[in-house]
Amino acid sequence: MAYSEKVIDHYSNPKNVGTLDKSKQNVGTGLVGAPECGDVMRLQIEVDEASGLIKDAKFKTFGCGSAIASSSLATEWLKGKTVDQALTIDNMDIVEELHLPPVKIHCSVLAEDAIKAAINDYRVKNGLPELVEQKAH
Amino acid sequence: MELKFPIYLDNNATTPMDPRVLEAMIPYFTEKFGNAASRNHPFGWVAEEAVDYAREQVAALINADPKEIIFTSGATEADNLAIKGVYEMYQSKGNHIITTVTEHKAVLDTCKHLEKLGAEITYLPVQEDGLIDLAQLEKAMTPKTILVAIMYGNNEVGVIQPVKEISAITRKHGALFFTDATQAVGKIPVDVMADGIDLMAFSGHKMYGPKGVGALYVRRKNPRVKVTSQMDGGGHERGMRSGTLNVPSIVGFGKACELCMNEMESEAKRLSAMRDRLESSLLKLEEAYVNGNRQHRLPHVANISFKYVEGEGLMMGFNKEIAVSSGSACTSASLEPSYVLKALGLGDDLAHSSLRFGLGRFTTDEQIDYTIKAVSNTVLKLREMSPLWEMFKEGIDLNKIEWAHH
């Protein structure tokens, strides 16, 4: 199976690999997947309290090239969005952007889950109710 | 010597054909095109003579009589013929077959097929090093056991089963011993007499011969073994496998066997030295583990797990330059990691993190040097972006985390 150029580019030059201080009030952390399934993504957002915009996003991913590319792309898209805007990122947007084949769609689902998990973590930390909307898979 | 890319280190999947094999085959595609079963003209005689010669070359490599070689389309067909053929032929004696959980799918799925037809199958587990427990085999034998089907060398981890001991137990209980020796024949000495083998499957394309040809060894003396044919037709191959003989490929298979016979000893030494160097260099990385018994192992195979890095992701770091394979789920259609590695007791996480290196006749030291560097660099790079590696380094017990399973 050949990888798309965009997947290869994100894999070779991943954007925003790293760790944010998860103890900070304005940092939300999402950890999704499981080692036994072969994918674990950790995605973090840092929200600028004055503007409500996501000023930084970082990821670390254990998984195949498509999983790494999906999370790298997600962090790029998150930066500069409001938390509410970030919620609108759909896994199919990632599939389209990276030209993921059907067997790799679960990587995009995981990335969307990671975004939602990070946002939920941020919301709970800041006294907001957890969002229940999670895609079934 | 200048390195040419990509480097091929997946010789357990298939081997490149030796040019000397191709050379032997070529005339049999064109001017010597006859049907080996045409008994009444020179075209047929030439083809038959070539097949007879190849049969001797194949038999010599495994210390068999040429009459004991049944040519097939490959090891999968030979596995099917052996297991189904024995099951049908010896039905009056019993319906019990013993095999292991780490067999190739061609053996496992054939057994599953027979289960539906009324066979009783025992799937022996393996120990952590991939070897079976002989006491467990002995215990599993019953008066109804007609066949023990245990592979010679494993395709994923290279572990070599104690074939002599297995055949002794099998014989003591009056059953037949079949071994899938696809990965072993041509790589290490395999002797059907000394090893006490009754039936044995092997294939041309794993030993620098052509694809689409293989053989089933069927013992003719002490005991005389019979299998019911699974392919009906003109009664070729002593009635056990009908179908016009694939003369060019059989000629190539014969030549490949001859080359292995002459070169195996020195080749095995060269390959195991390179393999050991590759392995010891890669084991310098933290949290890298060899899968399978390291003493009882084929000389050209190394299966290594690099913890906290996923196999497919790892291969992507160098798959334009180096061809290897992985036990990761992502490389298979099933999305399940390797059942062989899991049978060795590896957790799914380690099975997902494995690479299989299969060295071969045309592997060079320079290729190994390059591979050591490329794999090491990619492991280090991916660990830098692995959340699991970060947690491991922080001393977090990953088993205590509640993962969201998909």
> Among the residues of the range A:90-108, which ones are at pLDDT below 95 and among the β-branched types (Val, Ile, Thr)?
Replying inline: A:103, A:105
> Which condition number in (1) within 14 Å of chain B (Cβ to nearest Cβ); (2) over 9 Å from the mean Cα position of the chain (by Cα); (3) of a type in the set (A, V, I, L, M, F, W, C) is the one that residue A:118 fails?
Replying inline: (2)
> Are there any pairs, at least 6 apart or on different chains, whose C-beta atoms fall under 9 Å, with the first in the range B:292-317 and without any contact (Cβ under 8 Å) to a residue 24 or more places away in the chain and the second part of a loop (DSSP other than H, G, I, E, B) and surrounded by 23 or more Cβ atoms within 10 Å (Cβ to Cβ), and if so, which?
Replying inline: B:312/A:38; B:312/A:63; B:312/A:64; B:312/B:328; B:316/A:64
> Is it the case that some residue within the range B:351-371 is touching an Asp or Glu at 6+ places or on another chain (Cβ under 8 Å), surrounded by fewer than 23 Cβ atoms within 10 Å (Cβ to Cβ), modelled with pLDDT under 95 and within 11 Å of another protein chain (Cβ to nearest Cβ)?
Replying inline: no
> Could you say which residue among A:73, A:78 is touching a helix residue (DSSP H, G or I) at 6+ places or on another chain (Cβ under 9 Å), more than 9 Å from chain B (Cβ to nearest Cβ), more than 17 Å from residue B:386 (Cα to Cα) and at pLDDT 95 or above?
Replying inline: A:78
> Looking only at the range A:9-36, which residues are of a type outside the set (S, T, N, Q) and within 8 Å of chain B (Cβ to nearest Cβ)?
Replying inline: A:11, A:14, A:17, A:31, A:32, A:33, A:34, A:35, A:36
>> Out of B:374, B:343, B:351, I need the residue that is small (Gly, Ala, Ser), in contact with a helix residue (DSSP H, G or I) (Cβ under 6 Å, 6 or more places away or on another chain) and on the phi < 0 side of the Ramachandran plot. Which one?
In response: B:351
> In the range B:327-345, which residues are within 11 Å of chain A (Cβ to nearest Cβ) and modelled with pLDDT of 90 or more?
Replying inline: B:342
> Identify, please: which residue in the range A:37-55 is surrounded by fewer than 17 Cβ atoms within 10 Å (Cβ to Cβ) and out of contact with any Ser or Thr (no Cβ under 9 Å at 6 or more places or on another chain) and is, among those, nearest to the other protein chains (Cβ to nearest Cβ)?
Replying inline: A:55
> If you scan the range B:32-64, which residues turn out to be touching a residue at least 12 places away in the same chain (Cβ under 8 Å), over 17 Å from residue B:251 (Cα atoms) and surrounded by fewer than 16 Cβ atoms within 10 Å (Cβ to Cβ)?
Replying inline: B:63
> In the range B:372-397, how many are at the interface with chain A (Cβ under 9 Å from one of its Cβ atoms) and not in a helix (DSSP H, G or I)?
Replying inline: 2
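The values are calculated or read from the model by the stated rules, or taken from the named source; none is laboratory data. In this text, all values refer to a predicted model and were calculated from it rather than measured experimentally. Cβ sites come from the backbone with ideal geometry, for glycine too, and all protein chains shown count toward neighbours.
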